[in-house]
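Heads up, the thing below is written out as structure tokens.
The values are calculated or read from the model by the stated rules, or taken from the named source; none is laboratory data. Not measured: the values here are computed from a predicted model. Because the Cβ atoms are built from the backbone with ideal geometry, glycine has one as well, and the counts that use them run over all protein chains shown. Ligands, DNA and RNA are excluded from the accessible area calculation, which covers all protein heavy atoms including side chains. Shrake-Rupley method; radii C 1.70, N 1.55, O 1.52, S 1.80 Å.
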Amino acid sequence: MKPMLKILAMSVMAAFVASAHGQGAGPTDPQIAAIVVTANQVDVDAGKLAKSRSQSREVQAFAQLMVTDHSAVNHAATELVHKLNVKPEPSATSDSLKKGGEENIARLRKLKGSAFDAAYVRNEVEYHEAVLDALDRTLIPGAKNEELKALLIKVRPAFVAHLEHARHLQAQLGKSGG
Amino acid sequence: MGLPAAGAETRTLTIEAMRFAPERITVKRGDTVEWANRDLVPHTATARGAFDSGPIAAGKSWRFVARTPGRYEYVCTLHPAMKATLVVE
């Protein structure tokens, strides 16, 4: 189980690294828009599954927060791209994120109880680490439109808070033997 | 609710980047405290037993008339690390 989750996180990182190096210039603004929307949607989907499947109040609360916050960020991102008349453009990166998200859901569906909680939370830690890394290394530096860049910068603290919350939850689950 | 007391002010805090700003504010009894959510995600301003905004959506505000003197440690119930202090004189 653990090595597979590690591979998922690595594939997310690889997706971002590949997009930074592959075309030479990094993702365009329309591609960045699609990456952001996809990244948020992946976490909303995982959160919905965890809400319905977890038996832990803390994990359910965290999952609800992921649904609420990542939906809110997507709402802001979608409003901005409409305003800027930017059409989100799929790329290898957004496709890879989407696929990774689907694979995570499929794996989680096979688990229940504390095994589910541990796998869900572990993935959330690694996922938020990867997304923050991508924000810092690729998306924020690469965004050309100033308003898009400002949105990505504005989003960052929420993801940091999510990561810290997920790490805290992971430690709690570890203590209770979950 | 009635009219605000003479001299009562509206004091505004902002919520952005997952923080309350300022993290400590002192107001006078009868002042209106306004939390303006300038973040992208919803937040609450909650001091159990004293006040609870419920979720304040991005771009929205919530107002509370500070009638009772005291020191209120409050939090965002959605994001556990967000804490601040309201002092009512």
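For the stretch A:55-101, give me each residue that is touching a Phe, Trp or Tyr at 6+ places or on another chain (Cβ under 8 Å) and more than 20 Å from residue A:164 (Cα to Cα).
Listed by number, the list holds a single entry, A:93.
Restricting attention to the stretch A:137-173, which residues are open to solvent by less than 70 Å² (accessible area, probe 1.4 Å), over 28 Å from residue A:50 (Cα atoms) and free of Cβ contacts under 8 Å to residues at least 40 places away in the same chain?
A:140, A:149, A:150 - these are the residues of the stretch A:137-173 that are open to solvent by less than 70 Å² (accessible area, probe 1.4 Å), over 28 Å from residue A:50 (Cα atoms) and free of Cβ contacts under 8 Å to residues at least 40 places away in the same chain.
Looking at the stretch B:35-50 only, could you name the residues that are of a type in the set (Lys, Arg) and either more than 14 Å from chain A (Cβ to nearest Cβ) or not in a loop (DSSP other than H, G, I, E, B) (or both)?
If we filter the stretch B:35-50 for residues that are of a type in the set (Lys, Arg), which is where we start, we get B:38, B:48.
If the condition is that a residue be of a type in the set (Lys, Arg) and either more than 14 Å from chain A (Cβ to nearest Cβ) or not in a loop (DSSP other than H, G, I, E, B) (or both), then B:48 is the only one that fits.
Inspect all residues belonging to the stretch A:112-124 and state whether any of them is under 15 Å from residue A:70 (Cα atoms) and in a helix (DSSP H, G or I).
Yes, there is a match, as at least one residue in the stretch A:112-124 is under 15 Å from residue A:70 (Cα atoms) and in a helix (DSSP H, G or I).
Just need a number here: residues in the stretch A:39-70 that are open to solvent by less than 30 Å² (accessible area, probe 1.4 Å) and part of a helix (DSSP H, G or I).
Total meeting the criteria: 17.
Quick check on the stretch B:64-77: of everything there that is open to solvent by less than 40 Å² (accessible area, probe 1.4 Å) and not in a strand (DSSP E or B), which residue is nearest to residue A:60 (Cα to Cα)?
Going through the qualifying residues, I end up with B:76.
Do you know which of the residues in the stretch A:84-104 that are touching a residue at least 60 places away in the same chain (Cβ under 8 Å) and surrounded by fewer than 16 Cβ atoms within 10 Å (Cβ to Cβ) is nearest to the other protein chains (Cβ to nearest Cβ)?
That would be A:84.
Give the stretch A:154-178 a look and list any residue that's more than 11 Å from chain B (Cβ to nearest Cβ) and in contact with a Phe, Trp or Tyr (Cβ under 6 Å, 6 or more places away or on another chain), or say none.
Residues satisfying the conditions do not exist here.
With respect to residue A:113, is the statement that it is open to solvent by less than 40 Å² (accessible area, probe 1.4 Å), out of contact with any Phe, Trp or Tyr (no Cβ under 7 Å at 6 or more places or on another chain) and under 15 Å from residue A:50 (Cβ atoms) true? Before you say what the answer is, go through the steps one by one.
Working: open to solvent by less than 40 Å² (accessible area, probe 1.4 Å): yes; out of contact with any Phe, Trp or Tyr (no Cβ under 7 Å at 6 or more places or on another chain): yes; under 15 Å from residue A:50 (Cβ atoms): yes.
Yes.
Being in contact with a Phe, Trp or Tyr (Cβ under 7 Å, 6 or more places away or on another chain), away from chain A (no Cβ under 14 Å), surrounded by fewer than 19 Cβ atoms within 10 Å (Cβ to Cβ) and not hydrophobic (A, V, I, L, M, F, W, C) is true for just one of B:61, B:53. Which residue is that?
Selected residue: B:61, the only one of B:61, B:53 that is in contact with a Phe, Trp or Tyr (Cβ under 7 Å, 6 or more places away or on another chain), away from chain A (no Cβ under 14 Å), surrounded by fewer than 19 Cβ atoms within 10 Å (Cβ to Cβ) and not hydrophobic (A, V, I, L, M, F, W, C).
Given the conditions (1) on the phi > 0 side of the Ramachandran plot; (2) within 14 Å of chain A (Cβ to nearest Cβ); (3) open to solvent by 70 Å² or more (accessible area, probe 1.4 Å), and given that residue B:80 satisfies all but one, which numbered condition is not satisfied?
Of (1) on the phi > 0 side of the Ramachandran plot; (2) within 14 Å of chain A (Cβ to nearest Cβ); (3) open to solvent by 70 Å² or more (accessible area, probe 1.4 Å), only one is false for residue B:80: (1).
Does the stretch B:17-34 include one or more residues that are on the phi > 0 side of the Ramachandran plot, surrounded by fewer than 19 Cβ atoms within 10 Å (Cβ to Cβ) and part of a strand (DSSP E or B)?
No, the stretch B:17-34 has no match at all.
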